[in-house]
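Accompanying notes for the structure given below.
Read-outs: derived from the displayed coordinates by stated rules, not from any lab. Everything quoted here is computed from the prediction, not taken from an experiment. Don't worry about glycine lacking a Cβ; one is built from the backbone with ideal geometry, like all the others, and counts go over all protein chains shown.
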Amino acid sequence: MAKLNAFYKCEICGNVVSVVEAGVGQLVCCGQPMTLLEEKGKDQEGKEKHVPIIEKTDAGIRVKVGSIPHPMESEHYIELIQLIEGNNIVMGKRLKPGDEPVAEFCVIHTENLKARALCNIHGLWKN
């Protein structure tokens, strides 16, 4: 059974799927079950370059990835930054190599927000 708002990755071709509606079926790609990307956090190795940091701004929220800026090279980069409240994804920003690992979100309600970032090599990270 797939989990709502979870990410799954194919270990063969590298496809990544985000679950919008969870069902009872199993996610399969290239003939095998996809791997659930577990959220990593502040206690894991590599946290300095991967854990998202939320900052309030005059316009809303800024999320930067890592206390040390994450590389944004073609071989290693942040693919996505999401802002989450409870079980709901509020907003997201796709990134590509060469971009700054930062997302600006114009939101009015800034309490109880969490962020997560998807690294193309090291997986899914939460603050």
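Which distance in Å, rounded to a whole number, links the C-alpha centroids of the stretch 10-42 and the stretch 74-127? Spelled out, the Cα-based centre of one part sits 18 Å from the other. Note on 70, 122: ascending count of other Cβ atoms within 10 Å places them as 122, 70, the fewest first.
Counting other Cβ atoms within 10 Å as a rough exposure proxy, the listed residues 78, 61, 53 run 53, 61, 78 from fewest neighbours to most. The mean sequence distance of close C-alpha pairs (under 8 Å, at least 6 residues apart), as a share of the length of the chain, puts its relative contact order at 24 percent.
Spacing of the modelled spin labels on residue 88 and residue 58, each 7 Å from Cα toward Cβ, amounts to 2.9 nm.
Compare the peptides 12-25, 104-117 by average per-residue count of other Cβ atoms within 10 angstrom and give them in order, highest first.
Numbers: 12-25: 11.1, 104-117: 15.4.
Answer by packing, highest mean first, reads 104-117, 12-25.
Size descriptor for the stretch 1-70, Kirkwood hydrodynamic radius: 14.3 Å (Cα pairs only, one decimal). Would you work out if the chain is rounded, prolate or oblate? Take a ≥ b ≥ c from the square roots of the eigenvalues of the alpha-carbon gyration tensor; rounded if a/c is under 1.5, else prolate when a/b is larger than b/c, oblate otherwise. Since a/c reaches 1.5 but b/c is at least a/b, the shape of the chain is classed as oblate. Cβ-to-Cβ counts within 10 Å put 62, 94 in ascending order as 94, 62, the fewest first. Restricting attention to the stretch 1-75, lysine pairs at least eight places apart or on different chains and with alpha-carbon atoms under 19 angstrom apart total 8. In order along the stretch 52-58, phi translates into HN-Hα couplings of x, 10, 9, 10, 7, 10, 4 Hz, rounded to whole numbers, per the Karplus curve 6.51 cos²θ - 1.76 cosθ + 1.60 with θ = phi - 60° and x for Gly and Pro. Evaluating 6.51 cos²θ - 1.76 cosθ + 1.60 at θ = phi - 60° for every residue in the stretch 23-36, the Karplus couplings come out as x, 8, x, 9, 7, 10, 9, 6, x, 9, x, 7, 8, 5 Hz, glycine and proline recorded as x. For residue 93, the aspartates and glutamates whose Cα falls under 15 Å of its own Cα, not counting residues fewer than eight places away in the same chain, are 79, 104.
Spin-label pair residue 68-residue 26: with each label point 7 Å from Cα along the Cα-Cβ axis, the two points sit 3.9 nm from one another. Computed from backbone phi with θ = phi - 60° and the Karplus coefficients 6.51, -1.76 and 1.60, the 3J(HN,Hα) list for the stretch 110-127 is 10, 8, 6, 8, 10, 9, 9, 9, 10, 8, 5, 10, 9, x, 9, 10, 10, 8 Hz; x is used for glycine and proline.
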